[in-house]
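The values are calculated or read from the model by the stated rules, or taken from the named source; none is laboratory data. Just so you know, these numbers come straight off a predicted model, no measurement behind them. As a convention, Cβ positions derive from the backbone with ideal geometry for all residues, glycine included, and neighbour counts pool all protein chains shown. Side chains included, ligands, DNA and RNA excluded: accessible areas come from the protein's heavy atoms. Shrake-Rupley method; radii C 1.70, N 1.55, O 1.52, S 1.80 Å.
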Amino acid sequence: MKTQASLVFVACVSLSLHGFADPAKVLVCYTASSVDAKQAKAAIEQMISTLEELGGFPKNTFAPVFTESLEACTELAHKEKPHFIIPSLGFYLKMKDDLGLIPVSQPRIKQKDFDIYRIVVKKGTYKDLEALKGKVLSGTILDDVAFLERIVFRSKIEPSKHFVLKPSKVVLRTLRQLEKGKVDAVILTSQQFEALQGLDLAKEIEVIFESEKVPLPGVFAVRSTNAAETEKFREALSKFCSSQNGKGFCELFGIDGFYPIGEAYYKAVEALWKKP
Amino acid sequence: MEKTIAHRFLSASLSFWLLWMWVGNGCIYRGFKGQAPLNPSPDCEQKTYADVLDFGLKSSSRMPKESLECVLYKLRGEWFYTVKHAKVACKVAFVLADCEQDRERQKALASEGARWGEIGFSLGGYKDAELAYYYAMNLGLAVQDNPLLALKNISRIEEKLRDAIRLDPSVDMGGPVRVLAMLYLKAPPWPQGPGDPDKALMLLRWASHHFGGHPLNHIFLARAYLEVIGEDANQKIAQEIRHALALMATKNYGCAQQAWRNMAMEILEEAGIEIEDLGEKP
């Protein structure tokens, strides 16, 4: 049974890092929940190798760098000098000017290119955000308070003062804590909220806040990446979900496809970010 | 005219079936392309079917490799399968794969084990806890280095481990419980996947309490403490590792022994616990 530990996580370990000299980095920052970095890296390696094929890049042109920490993402963006970054929307808004991020592509999930954040409470406990003043709010998107304040709450409240924030990397844990009364409210992404409908807990909770539509984060090129490479990468992403290897990935994550986007795409949300 | 067409159709079908049976049996009969070649013990041909089934049922990583290969060799060579036959082949394939150093051969053995599992289910073995458990183990081992395949199979593996727990959690001293727990600990978290670290911790506490005699129940629990609670649980981590090392000092676990020890040492290192702090020489 010596391999029990490794075989079960099945989300998979590929230790076969390609041996190449100075490949261009693709930085993936997945800050919304806890994932095993080793496993995630293996999956991203497979995705990148498919993109190389689809874009006509020589094998091992790119190498993935993965992190689940927002701080590490900023650090790696400077240190590794990636050509492309797949970050959170908050990271893009914060680092856009610093790194010169250019939108390349955006995934569409279940025909939607936006997210809606919802705050849920136990039925009958709190009726609105005002009633939640001073109460404990938990969730997986609380690490980036500035994003929460400016984009989710449109600068109407200051989350760090309005709530007692209790960030978590495990959304199921926050929901169980809500059920037991250990937290007062939980903030959920659309995907989490939709999945919640399949749990028994759904009958006991209600939504007391729903954000405006927030665009999904995308794939960004760094200013220094040459235009031809960016264009090839964009084309490869467009073909990804219909390719033999990419199809499985997209189906698993419910992604319909990656669609080219330009700088104008995030203008509205950038204006909200910059609003004094 | 119609008679000729019918005749052609029948003869074509018959040829197809003959070919299928030949190839089909060829696949099982001691090797086909992709199946791991075996080196059974010299006395293998003299062993009876009943002998190998009995031996195979008790198989473990402590047993000599060539004896285990003999079991699989003999089972491959049979024409007639039963649930028991498929279960033993599935288990032995896993034990061999688990101890195998060569990844390609390991994958071939694990894939064969998973196929035996499917045969077992098709024969009515879906209520057999051991079959479900070893099938899940083989499937996991076969796909572990292909992220996409692994993600595609994760719910099948979870389903079979849950079946095994419902039927008999005592298989391999809490095997289905600890493996399902590790799946919940390592899989992508809900809602992207079945990952649920809190459930993992709960299952491993249960497994180490009820099947405290298996070192892996303690090693996995220490891993879960480290990943779910972190260094605040160092005392508990040290206690679980101490327990596991003590068990390994008193019993031989064959090829698994060193790998388990390495796992335990990795956990201690990650938690920042010195081996001297365990209070005894493991």
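Observations, loosely collected:
- Computed from the C-beta positions of B:Phe80 and B:Asn39, the FRET efficiency with R₀ = 22 Å rounds to 0.30.
- Listed by number, the DSSP H helices of chain A that run 18 Å or longer by alpha-carbon position along their axis and have mean Kyte hydropathy of at least -1.0 are A:37-55, A:227-240.
- Reachable aspartates and glutamates from B:Lys127, criterion Cα separation under 12 angstrom, eight or more residues apart if same chain: B:Asp163, B:Asp168
- Helix axis angle, B:103-122 relative to chain B longest principal axis, alpha carbon, degrees: 70
- The lysines whose alpha-carbon is closer than 27 Å to the alpha-carbon of A:Lys267, local same-chain residues fewer than 8 away aside, are A:Lys25, A:Lys81, A:Lys94, A:Lys96, A:Lys110, A:Lys112, A:Lys156, A:Lys213, A:Lys232, A:Lys239, A:Lys275.
- Summarising the label geometry, the points placed 7 Å from Cα in the beta-carbon direction at A:Glu231 and B:Lys152 lie 3.5 nm from one another.
- The spacing between the range A:82-97 and the range B:209-237, judged by their C-alpha centroids, is 38 Å.
- Prolate/oblate/rounded call for the range B:174-261, Cα gyration tensor, a/c under 1.5 rounded: prolate
- Nearest-ten-degree value, helix B:147-167 long axis tilted from longest Cα axis of chain B: 80
- Spatial separation of Cα centroids for the range A:141-215 and the range B:153-197, in angstrom: 28
- With the simple model of a label 7 Å out from the Cα in the direction of the Cβ, A:Glu251 to A:Glu71 spans 4.2 nm.
- Shielding value for B:176-186 is 4, the average number of Cβ atoms from other chains within 10 Å of each residue's Cβ.
- Overall, the accessible surface of the protein assembly as shown at a probe of 1.4 angstrom is composed of carbon and sulfur to the extent of 55 percent.
- Under 17 Å of direct C-alpha separation, and excluding same-chain neighbours fewer than eight residues apart, B:Lys74 reaches these aspartates and glutamates: B:Asp43, B:Glu45, B:Asp51, B:Asp54, B:Glu66, B:Glu112.
- The range A:158-276 - accessible surface per residue (Å², probe 1.4 Å): 51
- Buried area at the B-A interface (accessible, heavy atoms, 1.4 Å probe, summed, Å²): 3500
- FRET efficiency, 1/(1 + (r/R0)^6) with R0 35 Å, evaluated for A:Arg108 and B:Glu231 via beta carbons: 0.25
- Remark: the Cα gyration tensor places the range A:119-276 in the oblate category, a/c being 1.5 or greater and a/b not exceeding b/c.
- Shape of the range B:114-190, Cα gyration tensor, a/c cut at 1.5: oblate
- A straight chain from A:Arg176 to A:Asp200 at 0.36 nm per residue would run longer than the Cα-Cα distance by 7.5 nm.
- Per residue, the accessible area of the range B:86-182 comes to 31 Å² when a 1.4 Å probe rolls over the protein heavy atoms.
- Point-to-point label distance, A:Asp128-B:Lys127, nm (Cα→Cβ direction, 7 Å offset): 5.9
- A protection proxy built from the mean count of other Cβ atoms within 10 Å ranks the segments B:215-224, A:71-80, B:235-244, most packed first, as B:215-224, B:235-244, A:71-80.
- Set of the range A:191-235 residues, backbone N closer than 19 Å to the point 7 Å along the Cα-Cβ line of A:Asp22: A:222-230
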